[in-house]
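Worksheet: the structure to be examined is printed underneath.
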Amino acid sequence: MPNDNLYRVVGQALEAGITAYQFRDKGTASQFNEDERFKVALRLRKLCAEYQVPFIVDDDVKLAVALRADGIHVGQSDEKIEQVISEVGNEMFIGLSCSNETELKDAEQVRGIAYYGCGPVYTTVSKADASPVIGTNGLSRLVKLAHRPVVAIGGITTKTAKKVRQTGAKGAAVISEIAQSPDIFLTVRQLKG
């Protein structure tokens, strides 16, 4: 997504009422070199601040600290959660991906995690290395086990958002459905129910 289009999509999504934004640019899917990544993320950070919406960085502690991000999100195969907590636990909130009961039960023993990103609920095209699909039944089980808020992730659309909300998840992380929408305002409204 070229930068101007990225800023347009995020700006419209913020205006439409999204409740958080996660900046994700890493690995083979990375679109920017380190310098560009900082500049793009800084502009998005400022845009989120205008709408008083939390800006979260995915799996890049150095970038999150440099931007004074509101939060950082890490996956099971990213930097160890205990290390992230020791580095930034007093500066920002921390989210952790969990795709099964074992990961969630282990995470429940760790202090300093603010929320869990659980899924993928459905097949996703946004993440090539996604874990196996857990469906809404799997999501419901994780929500019941969790003592922290759960954000559903993976393949969530306007057609499936209601089922996701019915699991008790506190939110849903959505990329493609918003980024590819011809009417971002309507899409966000439908996702939020």
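Read the figures in this text as sums done on the coordinates, not as results from a lab. On a predicted model such as this, the values are computed, not experimentally measured, just so you know. Cβ: placed from backbone, ideal geometry, glycine included. Neighbour counts: every protein chain shown.
For the reader, a short list of remarks on this structure follows.
- When the chain is treated as a Gaussian network with alpha carbon springs shorter than 10 Å, the biggest mean-square fluctuation among ASP60, ASP78, ASP35 belongs to ASP35.
- Cross-link pairs exceeding 22 Å in C-alpha to C-alpha distance, out of LYS26/LYS80; LYS105/LYS170; LYS105/LYS144; LYS163/LYS192; LYS159/LYS192; LYS62/LYS170, comprise LYS62/LYS170.
- Long-range HN-HN contacts of ILE153 with modeled amide H, under 5 Å: CYS118, GLY119, VAL121, ALA173
- Added length on full extension, which subtracts the Cα-Cα distance from 0.36 nm per residue, GLU36 to ASN5: 9.6 nm
- Value at 222 nm in deg cm²/dmol, rounded to 500, when DSSP H runs of n ≥ 4 in the chain each add -39,500 (n - 2.57): -12500 deg cm²/dmol
- Within a Gaussian network of the chain (alpha carbon springs, distance under 10 Å), most fluctuating of VAL40, VAL84, VAL57: VAL40
- Remark: relative contact order (the chain) = 16 percent; criterion is Cα-Cα distance under 8 angstrom and separation of 6 or more residues.
- Sorted by Cβ neighbour density within 10 Å, fewest at the top, the residues ASP58, ASP106: ASP106, ASP58
- The 3J(HN,Hα) values that the Karplus relation (6.51, -1.76, 1.60; θ = phi - 60°) gives for segment 165-171 are, in residue order, 4, 5, 6, x, 4, 7, x Hz. Gly and Pro appear as x.
- Cα gyration tensor shape for the chain, rounded if a/c is under 1.5, else prolate or oblate: oblate
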